[in-house]
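Participant: My questions will all concern the structure given below.
The values are calculated or read from the model by the stated rules, or taken from the named source; none is laboratory data. Please read all numbers here as calculations on a predicted model, not as lab measurements. As a convention, Cβ positions derive from the backbone with ideal geometry for all residues, glycine included, and neighbour counts pool all protein chains shown.
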């Protein structure tokens, strides 16, 4: 039975919506070490087409995201097991961008950090430039290093106030959430609340989700996403090889089974969760309602095979090379490599479409 919390994460308005072409969201939860930050930047770049990469918007988004990630490494509390629960969310909605980071800080830093951000927010662009020059010359603004120039740079580039909030964990630590909004139009004011960010963070922590990605999937995006996911699976070579096979098939299934409707085509969601004993792979995409019966029959058929039968069945269908069987091969391979039953759910969206969710679980031993 599919975990209800995982289903809620996927189907909630936080993640799934009637997304226009080009919108995306991805959320990373884990320690923000250099390799992870490189992959976060790479995923962001993959979500811009070649024309967009030459735009001022892309340059602005990339610059601010780099500053945000660097600020996390400067301000986060060191040597704490909760470092693995930092969060990065990159979202594009209706051509507006929302870049969010959340990390652990000492409660002793909250007052100082609040004072510095409020000071920056109180300045207009001209005053901000003068303040930037002053800090650059004097170098006396921030004990953590960098003289707080990153925060100043973010506001100068975004041309909008810095949004921030705290969630107290205990008498020693809090989570510090920071969002930079980059609207399509610099004159556009966008209200923002951290309620959704905090709620999502709690859900990801509860289910131990390391990465959640939703976008219109293309082969180029799949390559980048696969590289990122591979880096998160630290296990034996045998388990890593199985994981990669499952990842490839599940990501390809989003493309192959997705509706051909122009707005929803290849729009999908993927998440990776890791517990002490298991990896969980969950993928979701829109399908036409009339295809549900065939897909259901395929999965039930695959689940009814014994593990001893799966290899022979896979080779038989592969050899047949019939168009009608090609969609079965991926399901068989996922079931075979995961050594577990496939879980699934169909959620009706309207009279034409449903959202199909597929889950595979791989034991670590």
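Participant: Look through 183, 191 and report the one residue that is exposed (fewer than 13 other Cβ atoms within 10 Å of the Cβ) and more than 22 Å from residue 39 (Cα to Cα).
Facilitator: Of 183, 191, the one residue that is exposed (fewer than 13 other Cβ atoms within 10 Å of the Cβ) and more than 22 Å from residue 39 (Cα to Cα) is 191.
Participant: Can you tell me which residues in segment 269-295 are out of contact with any strand residue (DSSP E or B) (no Cβ under 7 Å at 6 or more places or on another chain) and either touching a residue at least 40 places away in the same chain (Cβ under 8 Å) or in a loop (DSSP other than H, G, I, E, B) (or both)? Step through it out loud before you land on a result.
Facilitator: Here is the first cut: in segment 269-295, the ones out of contact with any strand residue (DSSP E or B) (no Cβ under 7 Å at 6 or more places or on another chain) are 275-276, 290-291, 293-294.
275, 276, listed by residue number.
Participant: Related question: Out of 215, 227, 180, I need the residue that is within 15 Å of the chain's Cα centre (by Cα), part of a strand (DSSP E or B) and touching a residue at least 12 places away in the same chain (Cβ under 8 Å). Which one?
Facilitator: Working: 227 fails: part of a strand (DSSP E or B); 180 fails: within 15 Å of the chain's Cα centre (by Cα).
The unique qualifying residue is 215.
Participant: State whether one or more residues within segment 304-313 are farther than 15 Å from residue 360 by Cβ, modelled with pLDDT of 90 or more and in a helix (DSSP H, G or I).
Facilitator: Yes, some residue in segment 304-313 is farther than 15 Å from residue 360 by Cβ, modelled with pLDDT of 90 or more and in a helix (DSSP H, G or I).
Participant: Restricting the search to segment 150-177, which residues are under 24 Å from residue 93 (Cβ atoms) and assigned to a strand (DSSP E or B)?
Facilitator: Once the filter is applied, which keeps residues that are under 24 Å from residue 93 (Cβ atoms) and assigned to a strand (DSSP E or B), segment 150-177 yields 163, 164, 165, 167, 175, 176, 177.
Participant: Another one. Just to be sure, is residue 298 assigned by TED's automatic domain parsing to the domain that holds residue 355, under 16 Å from residue 328 (Cβ atoms) and either assigned to a loop (DSSP other than H, G, I, E, B) or touching a helix residue (DSSP H, G or I) at 6+ places or on another chain (Cβ under 9 Å) (or both)?
Facilitator: Criteria met by residue 298.
Participant: What residue, of 138, 112, is without any contact (Cβ under 8 Å) to a residue 40 or more places away in the chain and more than 33 Å from the chain's Cα centre (by Cα)?
Facilitator: 138
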